[in-house]
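The values are calculated or read from the model by the stated rules, or taken from the named source; none is laboratory data. Since the structure is predicted, the reported quantities are computational estimates derived from the model, not experimental observations. Virtual Cβ from ideal backbone geometry, glycine too; neighbours counted across all protein chains shown.
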């Protein structure tokens, strides 16, 4: 379900 | 980066600073759950394994380092420097009851079965419940100091603001992450009872005392 890689949140 | 995400990060930072300042200025960690602080240190450690492999922005890297440093500084203050003031008799929550289910769930429900991804997922699940030992401690003693209440309010607001951020990102970028969102909702729900007491009591100048 994740649309973006890499993670940009903390 | 939107205003809700920034607000969430700043609320998180504020919570961490409130806690460190409380312990440092009163020279005491009375009323603070060391178990919850261990879980937060574990959460940040598992989540920020990508600190050196995945560069997002200077802001991201600096915040990661600050969160990690603050988490371990808090543990140092609680378990070494002001150990004598640590209220371990009231901090009896069993950590394995949270760590093991979070680890098990991370192995089963994740975006990708790789070490870094499973560790990230574990950190998301663990963070959702990491405050339970602290809430358990407050319920056991039946009260919390005002400063502890402010800490909990800032800490609870952080994930609540992240939820608004995720709703915003879904509509503006089509971005969504089901694992982070569901865990974030669970995390925020755990604070609801506390939020109610905080707004009805602490903001009116009263001490946070649980109804008998």
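In contact with a strand residue (DSSP E or B) (Cβ under 7 Å, 6 or more places away or on another chain), touching a residue at least 12 places away in the same chain (Cβ under 8 Å) and more than 11 Å from every other protein chain (Cβ to nearest Cβ): does that describe residue B:202?
yes
Every residue, every condition in (1) under 26 Å from residue B:209 (Cβ atoms); (2) touching a residue at least 60 places away in the same chain (Cβ under 8 Å); (3) crowded, with 22+ Cβ neighbours inside 10 Å, yes or no:
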position: B:97; (1), (2), (3): no, no, no
position: B:105; (1), (2), (3): no, no, no
position: B:120; (1), (2), (3): no, yes, yes
position: B:129; (1), (2), (3): yes, yes, no
position: B:145; (1), (2), (3): yes, yes, no
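Among the residues of the range B:12-43 satisfying the criterion of being surrounded by 20 or more Cβ atoms within 10 Å (Cβ to Cβ) and within 14 Å of chain A (Cβ to nearest Cβ), which is nearest to residue B:123 (Cα to Cα)?
Residue satisfying both the conditions and the ranking: B:43.
Exactly one condition in (1) under 17 Å from the mean Cα position of the chain (by Cα); (2) more than 14 Å from every other protein chain (Cβ to nearest Cβ); (3) within 20 Å of residue B:187 (Cβ to Cβ) is false for residue B:75; which is it?
Result: residue B:75 fails condition (3) only.
Within the range B:49-65, restricting attention to residues that are within 10 Å of chain A (Cβ to nearest Cβ) and under 22 Å from residue B:15 (Cα atoms), which residue is surrounded by the fewest Cβ atoms within 10 Å (Cβ to Cβ)?
Ranking the candidates gives B:59 first.
Would you point out the residue of the range B:164-212, among those that are in a helix (DSSP H, G or I) and modelled with pLDDT under 90, that is nearest to residue B:145 (Cα to Cα)?
B:202
Which is within 15 Å of the chain's Cα centre (by Cα), in contact (Cβ under 8 Å) with a residue 40 or more places away in the chain, surrounded by 22 or more Cβ atoms within 10 Å (Cβ to Cβ) and within 14 Å of another protein chain (Cβ to nearest Cβ), of B:125, B:162, B:151?
Unique residue meeting the criteria: B:162.
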